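Enquirer: Below are the structure tokens for one structure; questions will follow.
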Amino acid sequence: MFWEGFLMGIDILLFLILGVFVGTFGTLVGIGGGLICVPIFIFFLSDGGIYPYFHTAAQITGTSLVIVLANALSGTAAYIRQKRVYFPAAVPFALATLPGAFLGSYIVDDFTGPMLYVSFGAFLLIMACMMYWNATHKTHVDVHELPANFTFNRSLGIGSSLGVGFLSSIFGIGGGVIHVPLMVYLLNFPVHAATATSHFVLAASAAFGVISHMWLGHVIWTPAICISIGAAVGAQIGAALSRKAKSKMILTLLAAAMFALGLRLIWMSGMI
């Protein structure tokens, strides 16, 4: 009994540390942390890993989305205090993600492990290449407040948000990895405004997706709760660091992480 309790304590401590890292990096780049959690769950915590907590793709994505929600809520609170969330875009975008988040939580039940690995990996490679190209070939102005006359294509933003909610719920990534580049490159948001506003959207879409995944029994609660607590703390750190980080550095870091993880996941799938 003592040894089992000791091992559980180590697991909880490691989950908390992982959560702090997930929350810090996820909030810094505006992705909610699922981009980090899903590969870690696949590599180390699924069947065949060190600690087999997860036995299906749905459990991986459902549990990851709980952590995304904790990170997004904490980061959003920090960004609202900093007055960096652009609500005229955040509210309609968030509402538009909800139908897709609900649908994705049901479709993921049909995913096998290899299907999740190769589809998620291919998705990451495409997004990484797009983000790196734009980060190195475009000039990003490091502003933290939008100009008074700022406008954006509302219809394009709402339409794209429908797809963001769907992919968010399927992959358990929160959608920020799609929303941030979309807002920067298609809607002309400054990077810092995009990351803050995206976090608000993440919180809304993740909350709806989590409810669906909980209803379907996709959440494994020990890692979900522990990593979420750490992520909530890390999100505050990430929001503070984001005020000092350069836009190009944020985008390049995100692209590099996405590309490496995408290659690893495709290799693990065994389908190529």
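Enquirer: So, of the residues in the range 178-236 that are open to solvent by 30 Å² or more (accessible area, probe 1.4 Å) and outside any helix (DSSP H, G or I), which turns out to be nearest to Ala148 (Cα to Cα)?
Expert: The selected residue is Asn188.
Enquirer: Say whether the condition of being touching a Phe, Trp or Tyr at 6+ places or on another chain (Cβ under 7 Å), farther than 15 Å from Phe208 by Cβ and of a type in the set (A, V, I, L, M, F, W, C) is met by at least one residue in the range 19-39.
Expert: Scanning the range 19-39 turns up at least one residue that is touching a Phe, Trp or Tyr at 6+ places or on another chain (Cβ under 7 Å), farther than 15 Å from Phe208 by Cβ and of a type in the set (A, V, I, L, M, F, W, C).
Enquirer: I'd like to know if the range 104-112 contains one or more residues that are assigned to a helix (DSSP H, G or I), at pLDDT 85 or above and under 17 Å from the mean Cα position of the chain (by Cα).
Expert: No, the range 104-112 contains no residue that is assigned to a helix (DSSP H, G or I), at pLDDT 85 or above and under 17 Å from the mean Cα position of the chain (by Cα).
Enquirer: I need every pair where a residue in the range 77-92 that is over 10 Å from Phe200 (Cα atoms) and among the basic types (Lys, Arg) has its Cβ under 6 Å from the Cβ of a residue that is modelled with pLDDT under 90 and open to solvent by less than 50 Å² (accessible area, probe 1.4 Å), sequence separation at least 6 or different chains.
Expert: Partner pairs satisfying both residue conditions: Arg84/Ala196.
Enquirer: I would also like to ask the following. Assess whether Ile60 counts as being assigned to a helix (DSSP H, G or I), free of Cβ contacts under 8 Å to residues at least 60 places away in the same chain, under 18 Å from the mean Cα position of the chain (by Cα) and surrounded by 16 or more Cβ atoms within 10 Å (Cβ to Cβ).
Expert: No: the conditions fail for Ile60.
Enquirer: With the structure loaded, tell me whether Val68 is open to solvent by less than 40 Å² (accessible area, probe 1.4 Å) and either outside any helix (DSSP H, G or I) or without any contact (Cβ under 8 Å) to a residue 40 or more places away in the chain (or both) or whether it fails that test.
Expert: no
Enquirer: Could you count how many residues in the range 38-52 are touching a helix residue (DSSP H, G or I) at 6+ places or on another chain (Cβ under 6 Å) and surrounded by fewer than 21 Cβ atoms within 10 Å (Cβ to Cβ)?
Expert: Counting residues in the range 38-52 that are touching a helix residue (DSSP H, G or I) at 6+ places or on another chain (Cβ under 6 Å) and surrounded by fewer than 21 Cβ atoms within 10 Å (Cβ to Cβ) gives 2.
Enquirer: Let me ask something additional. Going by the conditions given, is Leu7 in a helix (DSSP H, G or I), modelled with pLDDT under 80 and of a type in the set (A, V, I, L, M, F, W, C)?
Expert: yes
The values are calculated or read from the model by the stated rules, or taken from the named source; none is laboratory data. Quick caveat, the model's predicted, so the values are computed rather than measured. So basically every Cβ, Gly included, is an ideal-geometry build from the backbone, and we count neighbours across all protein chains shown. We work out accessible area using only protein heavy atoms, side chains counted, and drop any ligands, DNA or RNA first. Shrake-Rupley method; radii C 1.70, N 1.55, O 1.52, S 1.80 Å.
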